[in-house]
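Reviewing the structure listed below.
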Amino acid sequence: MADPKIDALKQVPLFSHCGDGELRFVASQADEISVEAGHTLIKQGDPSDTFYVLLDGAVDVTIDGKLRRTLGAGDFFGEIGMLDRGPGTATCTTKTACDFMVMSHPQFRDAIKGNPDLLSGVLQAVAERLRADSMDRLS
């Protein structure tokens, strides 16, 4: 029988290299939530302790008050805070009603601990986002 959480994770590029066993473990670590439009999930400068995988809807990402991107189904955010538990580097606000798969810091740590490919993917995503945001600030 198909598991909707595993099917959703298969659509997320970050998890595309994972096998069914790894996806089953990641899915077991995640919770599912729904959030209405206009809700701030991460605020730039405030501590961030949740990793979000957007299953449905749209999320605006702003840095220093400027819209940087709008995320859609299959995108994820909050990974930077998962690595160092530091302050949010951006503000993420639901543009529409959204469905998410979420992990707390301990859940995220457990999900990546035994999966070097997943950790590598997260680190690559962090580097790409930080570089893009840094270059955008220069323009």
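The values are calculated or read from the model by the stated rules, or taken from the named source; none is laboratory data. The structure presented is a predicted model; accordingly, all values stated were derived computationally and were not measured. Note: ideal-geometry Cβ built from the backbone for every residue, glycine included; neighbour counts use all protein chains shown.
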Regarding S134, is this residue surrounded by fewer than 16 Cβ atoms within 10 Å (Cβ to Cβ), at pLDDT below 85, of a type in the set (G, A, S) and out of contact with any Pro (no Cβ under 8 Å at 6 or more places or on another chain)?
-> yes
If you scan region 113-122, which residues turn out to be touching a residue at least 12 places away in the same chain (Cβ under 8 Å) and either loosely packed, with under 13 Cβ neighbours inside 10 Å or of a type outside the set (S, T, N, Q) (or both)?
-> G114, D117, L118, G121, V122
Checked region 81-139 for anything closer than 22 Å to L67 by Cβ, hydroxyl-bearing (S, T, Y) and assigned to a helix (DSSP H, G or I); matches are S134
Are there any pairs, at least 6 apart or on different chains, whose C-beta atoms fall under 6 Å, with the first in region 94-111 and farther than 18 Å from G81 by Cα and the second of a type in the set (D, E) and at pLDDT 90 or above, and if so, which?
-> K95/D60; A97/E36; D99/D56
Mind checking whether some residue in region 76-84 is loosely packed, with under 13 Cβ neighbours inside 10 Å, touching a residue at least 60 places away in the same chain (Cβ under 8 Å) and within 26 Å of D3 (Cα to Cα)?
-> no
Within region 49-70, of all residues that are more than 10 Å from the chain's Cα centre (by Cα) and buried (at least 20 other Cβ atoms within 10 Å of the Cβ), the one farthest from E36 (Cα to Cα) is V61
Taking the condition farther than 23 Å from E128 by Cβ and among the hydrophobic types (A, V, I, L, M, F, W, C), does A97 pass?
-> yes
Counting residues that are at pLDDT 90 or above and under 18 Å from L118 (Cβ atoms), which strands (runs of 3 or more DSSP E) fully inside region 18-60 reach at least 3?
-> 50-56
For L14, all conditions in the list (1) out of contact with any Gly (no Cβ under 7 Å at 6 or more places or on another chain); (2) at pLDDT below 85 hold save one; what is the number of the exception?
-> (1)
Residues of region 2-17 being in contact (Cβ under 8 Å) with a residue 24 or more places away in the chain and either part of a loop (DSSP other than H, G, I, E, B) or among the small types (G, A, S) (or both), in sequence order, are D3, A8, Q11, V12, H17
